[in-house]
Every structure is written in structure tokens, then in C-alpha cells.
Amino acid sequence: MSVASQGDVAGADDLSPDSGVSAEFHALSPEEQEEQRRQWQVELAKVEDEIATFRHVLASKVKHSNELKRKLGITVWKELQDDMSQGLKNVKETVVFQKTESVVKTAAEKTTSILGGFGVGLTSKIGALKNSESFRSFEEKMGSAYENVKTRVSSRSNSVQSFDDAIREADSKRVTPLASPTIPEDRPLE
């Protein structure tokens, strides 16, 4: 056995499924292996050049899209609201949500019949709770809507604003209720 053959055998033993080098490559002569590597390097350079071109084109398209959205008045916050609405609608349309809603209604009806007059008050309170702003706010935030929106904003949104900027903008527009004065516990009321 020649020295080259021993090297080929040792090289073949070193191959693993994860090495990325096929046994066919090791079966080539050293000159053929060098030529194959050169061809792969040329092809790799072409592919990387194409990738860079695509990135440049994509960046240009994103910039143009952002300009159009700005001109149309579309902000990240608007996209967030639209996505939240769509996410909530999708959640409400699911079989699980509808079954849960049905079970809650059935439970409320059974509670009403069991507790009699107390149940009537409870049902009205549940209805009032369901129609309250707090419940609606909770309902809007439930499910996977937040994750869908966050993913949408971070991966697909091309708005000029960042997600954090949109949150800050929304917080600055939020109206805060007037605060009640605090009365120290150690002093009597006057």
C-alpha cells in the first residue's frame, strides 16, 4: 500500500456524517480535490455576492415601503392595533373560545338557578363585568395576540417607528385620571 493510499484510508476513517466532506471527495486525487475546492470557492463567492445584492435590494424596498407608509400615515402603533384586532377576532372564532364561552354561560345559568335571587344579581354582575372596560381590555390582551403582534412588528413591519417608540407614543397619548389626595393615617380628618 502506498503512502497516498494510507492517507486516503485514514481520511475516510475521519469522515463523519457531520464533517460536510463526502467520501466521493476523498476518493479524488489531490489535484482533483484542489480543483474541486477552487470551483466551490468560486461558486461560494458568486452566491455570497448574490446574497449581498439581494440584501441591498431588500433594504431599498424596505426604505421605499417606509416612505409610503409615512406618507399614508401608517405607524407601528396603527399596525399594532390592527394586528391586535385581527388576533382577537381570530381567537374569538376558534372552537375553544366558543366552547369556553358556552361553558361560562351554562355555568352562569346553573348558578342562577341554584342560588335563586342571589343568582340573578350574580348574573347581572357577570354581565356587567363582561361589558366593563377592564374585561374588554383583558379580552383584547388574551390569547396569542401579543406574540403575533410582537413577531409581526419585529420581523415583518417596515414602519419608520420602532416597537418601543410606538409604545412610548401610545403612553404619552394616554389620559391619566386625576389622583385622590392621600390622607396620613396618624392624623385625624379635618
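Side notes on the structure shown:
- Local electrostatic count, Lys61, Cβ distance below 12 Å [Lys/Arg +1, Asp/Glu -1]: +1
- Karplus-derived 3J(HN,Hα), 6.51/-1.76/1.60, for each residue of the range 42-59, Hz, glycine and proline x: 5, 4, 4, 4, 5, 5, 5, 5, 4, 4, 4, 5, 4, 4, 5, 4, 4, 4
- Anisotropy class of the range 52-96 from Cα gyration tensor, a/c 1.5 cut: oblate
- Scanning residues 5 or more positions from Leu28 or on other chains, none has an amide H under 5 Å from its amide H, with H placed 1.01 Å from N in the peptide plane.
Laboratory data are not the source of any read-out in this text; all were calculated from the coordinates shown. Just so you know, these numbers come straight off a predicted model, no measurement behind them. Counting neighbours? That spans all protein chains shown, and the Cβs are built from the backbone with ideal geometry, glycine included.
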